[in-house]
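The values are calculated or read from the model by the stated rules, or taken from the named source; none is laboratory data. Predicted model, so just to flag it, every value in this text is computed and none were measured. Neighbour counts are summed over all protein chains in view; Cβ atoms, including those assigned to glycine, are modelled from backbone coordinates with ideal geometry. Surface areas here come from the heavy atoms of the whole protein model, side chains and all, with no ligands, DNA or RNA. Shrake-Rupley method; radii C 1.70, N 1.55, O 1.52, S 1.80 Å.
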Amino acid sequence: MLPAALERMGAPVTAYNRISRQPILLHSNIDEPDYVAVADETLLKTVPVTRGLSPEGGIMVNTARSPEQARELLGGYRGRICTIDARKISEEILGSYFPNMPMLAAMVKLSGCMPEEVFLANMKASLNHKFAGKPQVAAGNLEVLKRSFGEVRE
């Protein structure tokens, strides 16, 4: 599916984030997540990405496929399945493949962990600070975030 030069290198990586309004005192792996983000759709065929995933939560898959097509690859998972084509969005706006920003916006939308306008305002401030000497980079990434909210498919 991916051109040879863009194939994933090495083993799949698992990362965990906890989001809470209260202090988080537990620092360990998460065996029963509420939400899962799959940045590389080839993992759907090789890694049990829905293991332990709550049917009240959901999964976000970076793919050009529809949610219905992705569901066929998810072994009977019955919760929310959303997809976003992070490659298309980042290449069209930034000129290169950077899936992180589209996936971040998509996960905020899927989880509902904060309102879109609050997220975008915070990200704008962060990007403007981080890329103070490169305002075009901040503007491009903010455009990616905004567009991504509108392109999550469910």
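Structural remarks
- Filter pass, Met123 being modelled with pLDDT of 95 or more, touching a strand residue (DSSP E or B) at 6+ places or on another chain (Cβ under 7 Å) and either open to solvent by 10 Å² or more (accessible area, probe 1.4 Å) or within 21 Å of Pro12 (Cα to Cα) (or both): no
- Residue among Arg87, Arg65 that is under 17 Å from Asp40 (Cβ atoms), crowded, with 16+ Cβ neighbours inside 10 Å, at pLDDT 95 or above and more than 14 Å from the chain's Cα centre (by Cα): Arg65
- Sole exception among (1) hydroxyl-bearing (Ser, Thr, Tyr); (2) closer than 22 Å to Asn141 by Cα; (3) in a loop (DSSP other than H, G, I, E, B) for Thr14, by number: (2)
- Test: Glu41 is touching a residue at least 40 places away in the same chain (Cβ under 8 Å) and acidic (Asp, Glu): yes
- Yes/no for Leu26 being of a type outside the set (D, E, K, R), over 24 Å from Phe119 (Cα atoms) and surrounded by 10 or more Cβ atoms within 10 Å (Cβ to Cβ): no
- Screening region 130-154 for residues that are assigned to a loop (DSSP other than H, G, I, E, B) and touching a Cys at 6+ places or on another chain (Cβ under 7 Å) and picking the one that is most open to solvent (accessible area, probe 1.4 Å) gives Glu154.
- So Val108, is it more than 27 Å from Asp31 (Cα to Cα) and either surrounded by fewer than 17 Cβ atoms within 10 Å (Cβ to Cβ) or in contact with a helix residue (DSSP H, G or I) (Cβ under 8 Å, 6 or more places away or on another chain) (or both): no
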